[in-house]
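S.K.: Pasting a structure here, questions to come.
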Amino acid sequence: MSTAALWTVTSCGTLSSEEPNSSYPAPARYESQTLDFAPCDQTAAGIDDDRVECATLEVPLDYASPDGTAIELGISRIRATGTDRVGSVVVNPGGPGAPSVGFVTAVADSWADGPARQQFDIVSMDPRGVGTSRPAIDCYTDQERDDDAIVSGIPAGALAWTADSARSVLEQCARRSGGMDVLGQMGTENAARDLDVLRAVLGDEQLTFLGASYGTRLGTIYAQQFPSRVRAMVLDGAVDPRKNVLERQTQLFAGVQRSFDELSRYCVDRGNCPLGSDPAGTVDALQSLLRPLLDTPAPTAGGRRLTYFAAIEAVTLGLYSSQAWDSVITGLAELRAGRADVMLALRDVAAQRGPDGTYTNSSEATLAINCLDEIRPTPEQTTAVVAEVNSLAPYMDPGFDVDTHYGCEGWPDEQVLDYPYGDNLTGLPETLVVSVTGDGLTPHEGGVALSEMLGARLLTVDGEQHGATIAANACINEIVEHYLVNLNIPDNQLRCVL
């Protein structure tokens, strides 16, 4: 939905001949560059925080042709507050298309003046094609996004791909992003190689990494390519490494429906719920509000209209965290009264639409990166999984069969990941997986699976939200920060409560 030792490290950070998992070592000229940190361009980076500095990192577009075209990645940093600095911790918020440079602020705020904040520079990188990195993935105009352009290979909310529309979007993505040669190099395997260039340029012999959501895939692929170069790794809200795109959709939306059911129970218990007074009837009540939007989108004061798909986006946004439930309930109550301003505002947050009508490229970059990483289902497989998803998550079921192609048909396939990924790793130090029991977007079972696959320790967090490491929770911070600083995890069972 649009809702992570066989190798040795040389002194200059390049790969030795004993490193079989790395097919494409980066040239020394990239790893010897200097990051010229300066105040961030607030307009471009979306950062309004004087603690943050920004810089640009160059990496090869194609690691198989390292002397060819170079691309630029946006980098941000908040310096350590203490004098006993350990190094840098590189952080990624997920996506995969989410702008990352602003995430340093969230991490720094969560850690306050704790030991990790004192001893690490907090660094983030907009992955290739994302945010401030150039070239940027660009598939749609702002008007096309307003008109419900599909931003997922497997569509949702009554939308469908055709063979023609999938081919047309691929061609438009390539044209608007710099060409098919550029588009085809935007997958996670290359992003992990970029991460290693950043590690070397930062002067760290090994990588200290915190990745959330898709960031757990990025971290795992890094660990798969460079296991001996991992110092410490925290993976929060795991994308299940065992499951391909079809299997993950059913896991994902079963979890999302569970989160909707929790929202519904909260709504009923709160009273005056726009979905009625019986939790068992809330899905039907929701669809009685939303399905009329298929034919007649709801008006807003600004003249725009709320479609069925936009309403599904708005509701799904509220399933990321219980803190958003009241906003969704308010929006549904307003929609029942015939207006859609709150729901459309929630949808705009989900879609990253600014007040001026412009969109970030987050959803389009997510589409492109996933298209490059994933297997390619047939139209029959895609149609079947959409039907299964609508059955598992009836809150988003439009009430009719959706016949669809897979949106990633025809995309370059050189970087398609093998599933499962991250298994049978040797030389990886002890890592920490954090998983929330009520995470609908990346269900808890995926965190359990990733911890078992990596031989990692699992921190189980009781709560209702997507991810937990920036929750400013004292229990979580104590475990995570102690691990990052001291490379030690308590022997007792790890459990916290949000």
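The values are calculated or read from the model by the stated rules, or taken from the named source; none is laboratory data. Note that the coordinates shown come from a computational prediction; the quantities given were computed from them, not determined experimentally. Every residue, glycine among them, receives a Cβ derived from its backbone with ideal geometry; neighbour counts consider all protein chains shown. Note: accessible area is taken over every heavy atom of the protein model, side chains too, but ligands, DNA and RNA are not part of it. Shrake-Rupley method; radii C 1.70, N 1.55, O 1.52, S 1.80 Å.
S.K.: Once the dipole of the chain is set up with Lys and Arg at +1 and Asp and Glu at -1 on Cβ about the Cα centre, which of T220, V385, F253 lies farthest towards its positive end?
M.R.: Among T220, V385, F253, the one farthest towards the positive end of the dipole of the chain is F253.
S.K.: Let me ask something additional. Using a 1.4 Å probe on the protein chains only, how many percent of the accessible area of the range 133-274 belongs to carbon and sulfur?
M.R.: Answer for the range 133-274: carbon and sulfur cover 43 percent of the accessible area.
S.K.: Further question on the same structure: Mind jotting down a quarter of the surface of the convex hull over the alpha carbons of the range 66-140, in square nanometres, one decimal?
M.R.: 6.3
S.K.: Report the Cα-based extents of the range 266-395 along its three principal axes, largest first, to the nearest Å.
M.R.: 46, 38, 31
S.K.: I would also like to ask the following. Could you tell me the largest-minus-smallest coordinate of the C-alpha atoms of the range 146-305 on each of the three principal axes, in descending order and whole angstroms?
M.R.: 58, 41, 33
S.K.: If you take the charge dipole of the range 244-402 about its Cα centre, with +1 on Lys and Arg Cβ and -1 on Asp and Glu Cβ, which of Q287, V328, V342 is farthest toward its positive end?
M.R.: So the residue we want is V342.
S.K.: Compute the Rg/Rh shape ratio of the range 80-122: radius of gyration over Kirkwood radius, all on alpha-carbon atoms.
M.R.: Looking at the range 80-122, the ratio lands at 1.02.
S.K.: In addition: Over the range 56-124, average the accessible area per residue using a 1.4 Å probe and give it in Å², no decimals.
M.R.: With all protein chains present, the range 56-124 gives 33 Å² per residue.
S.K.: Using a 1.4 angstrom probe, figure out how much accessible area the range 333-438 has per residue, in square angstrom, rounded to the nearest whole.
M.R.: On a per-residue basis, 40 Å².
S.K.: Please report, in debye to the nearest 20, how large the charge dipole of the range 162-211 is about its Cα centre when each Lys and Arg carries +1 at its beta carbon and each Asp and Glu carries -1 there.
M.R.: My answer is approximately 240 debye.
S.K.: While we're on this one: How much area per residue is accessible in the range 197-253 when the probe is 1.4 Å and only protein heavy atoms are counted (Å²)?
M.R.: 19
S.K.: Can you send over the carbon and sulfur percentage of the accessible area for the range 396-498, probe radius 1.4 Å, protein chains only?
M.R.: Solvent-exposed carbon and sulfur of the range 396-498 make up 44 percent of the total.
S.K.: For G318, what charge total do you get from the other residues with a beta carbon under 12 Å from its beta carbon, if Lys and Arg give +1 and Asp and Glu give -1?
M.R.: -3
S.K.: I need two numbers for the chain: Rg to one decimal and Dmax as a whole number, Cα atoms only, in Å.
M.R.: Cα-based Rg and Dmax for the chain come out at 22.1, 68 Å.
S.K.: With charges set only on the Cβ (+1 for Lys and Arg, -1 for Asp and Glu), what does the dipole of the chain come to about its Cα centre, in debye to the nearest 20?
M.R.: Dipole size: approximately 460 debye.
S.K.: Within 10 Å, count the other beta carbons around each residue, average over each peptide in 420-427, 223-230, and list them highest first.
M.R.: For the peptides 420-427, 223-230, the packing ranking is 223-230, 420-427.
S.K.: Now for a separate question. Beta carbons within 10 angstrom, averaged per residue: use that to sort the peptides 461-471, 39-49, highest first.
M.R.: Descending mean neighbour count gives 461-471, 39-49.
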